[in-house]
Amino acid sequence: MRRMMLNGSLVLTAVVTVALCSFSWAQATKAEEDRRLGMESHIGKLTGHAAAAQGTYRRYCVGCHGVLGDGEGENAQWLDPKPRNFTLGIFKCRSTTTGTLPLDSDLFDTIGRGLDSSNMPSWNPLSSQERADLAAYVKHFSARWVTEKPGTPIEIPKKPEVTAERLKAGQEVFQRVECWKCHGPTGMGNGPSAATLTDDQNRPILPYNFHDGNRFKCGTTDEDLYRIFMTGLDGTPMPSWSDNIKPDEAWDLVFYLRTLQPMKSKAKEIARQIGLKPGAPSAAPASAPQQ
Amino acid sequence: MTSARKRFASGVLLASLFLLFAARDANALPAFARKYGLRCSACHEAWPMLNYFGQKFKDNGYQLMNDRDAPIWQNNGYWPVTIRITPSWHRESTDKVAVDQAASGQQRVTSHGFDVGGLDLLSGGTLDKNLSFLFVLSSDENAAFHFESVNARFDNLFGSPWLNLKVGKFELDNIVSEKRGLTLSSSGGGFQLYHFVPLGDNNFVGQIGDNQFGLEWLGHSANDRTRISAALINSSDGNVDLPGSNSYTGFFAGSQAFELGKLGTQRVGFYAMVGQAPTNTLTSGGPDFPIAGGGFGNKNFSREGFNGIFYLGKLDFQVVTQHGSDDAYFATSTAAPGALPAGARSAVWNGAFVETHYVYSPQLIFIQRSEWLRMSQQAIPGTPSNLGDIDNYVFGYRYMPIMNSRAGFAIHNEYSWIRQRGGAPDGTDLTSNSLFLGFDFDF
């Protein structure tokens with residue numbers, strides 16, 4: 001009997017200690033996060049203040065991204081892809097090099113644009129001030145912004161004229177660096193690796209199907225497309241190619257990728273004229289290349 | 001005239017009861033919230049009033065435009081249906097009602113008790129990308145249902161946000177929506193401006209607050225800052241089976257939103273309703289038996305005004321003005337081509353309301369509306385210039401302890417006071433007030 005009581009009190013002490021520790025840890029993180037409420041964002045002439053976005057975040061974002069910004073809002077369980085966990089400070093849409101923090105303007109643009117093929121809506125009905133405040137608020141969830149500076153934005157050379165030669169060169173880049181392994185030989189998102197891909201949190205993720213949409217998560221313009229594969233989508237298997245693809249080649253690839261998409265474009269028109277077919281260049285078979 | 005007043009007095013009572021139901025069928029759909037994983041507050045300033053994000057969602061044909069809008073993306077268990085119910089206790093008091101037992105022939109009548117305003121069954125959403133529908137079945141307190149809304153929409157035709165069509169029965173494109181109003185009481189639940197008819201006038205089809213049958217074109221910029229619409233509607237006040245007989249009304253609206261620094265996004269707009277409706281009807285078997293669709297003797301009416309939604313921190317203001325005019329035949333309840341009373345002319349009036357909201361949080365909102373309607377020209381010369389003028393003041397709050405992406409539950413308290421000049425049976429002013437304590441929930 002006494003022994004049992006002793007055991008009991010030991011267990012109780014242990015429980016209380018653990019509870020207290022985690023409580024004070026939670027307190028500490030909360031306090032630390034509150035300190036970060038002073039975080040600002042700077043987009044052109046706009047200055048966003050994290051503290052000013054508390055109400056807006058609660059009204060619009062909390063159901064998905066959660067009170068703690070951990071992506072565990074009440075709706076997260078029903079969504080695929082899952083809402084971003086802001087505490088990690090890892091973002092898909094950046095103009096900065098892979099592995100680095102995005103610019104404030106990247107977050108601002110993402111909030112206004114939304115992420116296609118996900119439940120993240122475009123928040124452009126909110127005023128630019130509200131979006132700037134929200135960008136600062138998104139930052140305040142992660143300690144990364146205290147210790148690190150945003151990365152350097154990659155340079156995008158002026159877009160050249162699209163030509164038949166560039167389309168063919170782009171097709172070869174697609175072949176050479178093996179975009180097809182994931183995106184499929186004709187860009188339909190059905191490459192040999194496609195079925196096995198997972199993101200950083202081990203959740204299955206599909207490569208983009210170029211035949212399916214005319215928008216990307218991270219933008220719509222040719223410059224956006226250039227930026228997407230040269231910076232990569234951090235947190236996903238979609239890597240940055242800036243080490244493997246030279247700037248001029250990158251433009252060739254942009255033009256080639258445009259020929260795979262459903263909407264009209266000059267690139268697509270030229271491809272039709274020269275009879276350029278998606279897939280491996282003439283010599284190789286158009287079916288999935290052997291690994 | 002006196003009998004017209006009597007009719008009006010009971011009219012006010014009836015109309016206020018009618019408003020209690022009519023104003024309630026707001027299109028707040030937890031079904032949308034479930035579909036997209038959004039909380040009520042994302043689309044609603046306070047349920048059911050839309051905010052700018054919600055207005056854009058609606059204007060896009062109930063789509064977020066994220067390439068996941070088609071129902072094919074939904075889990076099989078998804079069912080786009082919402083139910084709204086409003087049980088309440090309310091008290092109504094009208095100071096001068098024609099009463100047989102009263103020595104003077106009129107007295108105050110007050111009633112109070114527990115009640116339910118009926119039930120709304122709403123369904124809406126996409127059938128496919130850019131093809132959507134909405135229906136709202138509303139019942140009265142005896143569970144007699146009618147179609148409050150039923151329409152199909154074709155959006156982004158030719159890939160352009162400027163080409164959206166809607167056919168069926170729908171709410172007119174009022175950016176300050178009565179159907180999504182935040183007030184519920186008998187005399188304060190609707191906007192007087194959206195239903196005003198001068199005393200002695202029998203034109204009921206000029207009510208911009210009532211849902212109408214027709215075809216609407218809506219165009220808007222991609223971010224919905226600029227929006228413009230034109231609708232061709234039956235002159236039938238939304239009634240079925242073509243009672244208005246081959247007459248039509250046009251409704252036009254436009255608005256522009258702009259950012260005002262830290263104050264946020266403001267919106268200003270205009271609307272105009274111009275139409276014709278019959279003042280006479282063919283009959284069969286006596287004057288009490290009109291032939292459906294047998295209307296003739298069409299006369300003109302018009303309503304036009306400005307509107308705006310302005311934000312100032314936690315305060316916002318909805319403002320609507322109106323200049324209205326009814327042809328002399330309507331204004332004197334004369335069946336054309338019958339003889340008009342001597343000197344008869346159109347009835348003309350001006351009106352405005354300001355509804356102020358203090359949004360403490362998405363879950364607690366305080367509401368005040370002041371509304372004024374003033375006759376500027378009486379149909380019959382010599383009529384007191386203020387006959388029929390209306391003043392209405394409403395105060396209330398809505399507290400929503402539950403507001404997630406599955407359901408909304410509001411505790412709603414409201415008081416409203418209304419006066420119509422010369423509206424009492426004896427020709428003096430008629431006032432009435434309503435007190436409403438209730439729950440308003442949907443799921």
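Excluding ligands, DNA and RNA and using a 1.4 Å probe, chains A and B jointly bury around 2300 Å² of accessible surface, summed across both partners. Each 5 Å bin from 0 upward holds the following percent of the Cα-Cα pairs of chain A: 1, 5, 10, 14, 15, 13, 11, 9, 7, 5, 3, 2, 2, 1, 1, 1, 0, 0, 0. Enter the angle in degrees (range 0 to 90, nearest 10) between the Cα long axis of helix B:2-22 and the first principal axis of the Cα atoms of chain B, meaning the one along which they spread out most. Its long axis makes an angle of about 10 degrees.
How big is the Rg/Rh ratio for the protein assembly as shown, C-alpha atoms only, Rh by Kirkwood, two decimals?
Working: Rg = 31.1 Å, Rh = 29.3 Å.
So for the protein assembly as shown, dividing Rg by the Kirkwood Rh gives 1.06.
Before I look further, what does the protein assembly as shown give for accessible area per residue, probe 1.4 Å, in whole square angstrom? Mind showing how you got there, number by number?
Details: 32500 Å² over 734 residues.
Solvent-accessible surface per residue comes out at 44 Å².
With all protein chains in place and a 1.4 Å probe, the accessible surface of the range A:164-274 carries 51 percent carbon and sulfur.
Backbone phi angles across the range B:159-169, fed through the Karplus curve with coefficients 6.51, -1.76 and 1.60 (θ = phi - 60°), yield HN-Hα couplings of x, 10, x, 7, 10, 10, 10, 9, 10, x, 10 Hz in residue order; Gly and Pro are listed as x. Couplings 3J(HN,Hα) of the range B:394-401, computed from phi: 10, 10, x, 8, 10, 10, 10, x Hz, in residue order, whole Hz [Karplus 6.51 cos²θ - 1.76 cosθ + 1.60, θ = phi - 60°; x for Gly and Pro]. Both radii come from the Cα set of the range A:164-274: Rg as radius of gyration, Rh as Kirkwood radius; their ratio Rg/Rh reads 0.95.
Taking every DSSP helix (H) stretch of at least 4 residues in chain B, weighting each as -39,500 (n - 2.57) and dividing the sum by the residue count yields a mean residue ellipticity at 222 nm of -3000 deg cm²/dmol. Using the Cβ-Cβ distance between B:I83 and B:V167 with R0 = 41 Å, the FRET efficiency computed as 1/(1 + (r/R0)^6) comes to roughly 0.95. Proximity of backbone amide H atoms, modeled 1.01 Å from N, is registered between B:D389 and B:M375, B:R421 at under 5 Å, excluding neighbours fewer than 5 places apart on the same chain. Ligands, DNA and RNA left out, the accessible area of the range B:49-176 computed with a 1.4 Å probe is 61% carbon and sulfur. Computed over the range A:38-147, the quotient of the alpha carbon radius of gyration and 2.2 N^0.38 Å is 0.97. Remark on B:V354: its backbone amide H falls under 5 Å from those of B:S370, a criterion applied only to residues 5 or more positions apart or on other chains, H modelled at 1.01 Å from N.
Compactness of chain B, taken as the C-alpha radius of gyration over 2.2 N^0.38 Å, stands at 0.98. Sequence-ordered 3J(HN,Hα) estimates for the range B:363-369 from the Karplus curve with 6.51, -1.76 and 1.60 and θ = phi - 60° stand at 9, 9, 9, 9, 10, 9, 10 Hz, glycine and proline given as x.
Calculate the FRET efficiency for B:A103 and B:A352 from the Cβ-Cβ distance with a Förster distance of 41 Å, rounded to the nearest 0.05. After rounding to 0.05, the efficiency reads 0.55.
In the context of the full protein assembly, B:V109 retains an accessible surface of approximately 60 Å², using a probe radius of 1.4 Å and ignoring ligands and nucleic acids. Based on Cα contacts under 8 Å between residues 6+ apart, chain A shows a relative contact order of 18 percent. Remark on B:S235: its backbone amide H falls under 5 Å from those of B:S247, B:Y248, B:T249, a criterion applied only to residues 5 or more positions apart or on other chains, H modelled at 1.01 Å from N.
How far, in nm, would the chain grow between B:F439 and B:N300 when pulled straight, counting 0.36 nm per residue and subtracting the alpha carbon separation?
Values: separation 139, 0.36 × 139 = 50.04 nm, distance 4.18 nm.
Gain on extension, B:F439 to B:N300, equals 45.9 nm.
Projecting label points 7 angstrom from Cα along Cα→Cβ for A:I156 and B:S284 puts them 7.0 nm apart.
Here the alpha carbons of the range B:295-338 define both size measures, Rg and Dmax, at 17.8, 56 Å. Measuring nothing but protein heavy atoms, the accessible surface of the range B:309-443 at 1.4 Å probe radius is 65 percent carbon and sulfur. Its DSSP H runs of at least 4 residues, each contributing -39,500 (n - 2.57), put the calculated 222 nm mean residue ellipticity of chain A at -12500 deg cm²/dmol, to the nearest 500.
Loop-only check: which trypsin sites (Lys or Arg not before Pro) in the range B:261-344 are DSSP coil with at most 15 other Cβ within 10 angstrom? Walk me through the intermediate numbers first.
Working: sites: B:K262, B:R267, B:K299, B:R303, B:K314; in loops: B:K314.
Counting only loop positions with at most 15 other Cβ atoms within 10 Å, the trypsin sites (Lys or Arg not before Pro) in the range B:261-344 are B:K314.
Reported to the nearest whole Å, the Cα centre-to-centre distance from the range A:140-219 to the range A:68-114 is 17. Panel note: contact residues of the range A:42-63 (accessible area lowered by at least 30 Å² against the chain on its own; 1.4 Å probe) correspond to A:R58, A:R59, A:Y60.
Find the percent of Cα-Cα distances in the range A:88-204 that exceed 26 Å, and round it to a whole number. Taking all Cα-Cα pairs of the range A:88-204, the fraction more than 26 Å apart is 41 percent.
The values are calculated or read from the model by the stated rules, or taken from the named source; none is laboratory data. Predicted model only: the values in this text are computed from it and were never measured. In this analysis, Cβ positions are derived from the backbone assuming ideal geometry, glycine residues included, and neighbour counts consider all displayed protein chains. Just the protein is used for accessible areas: all its heavy atoms, side chains included, with ligands, DNA and RNA removed. Shrake-Rupley method; radii C 1.70, N 1.55, O 1.52, S 1.80 Å.
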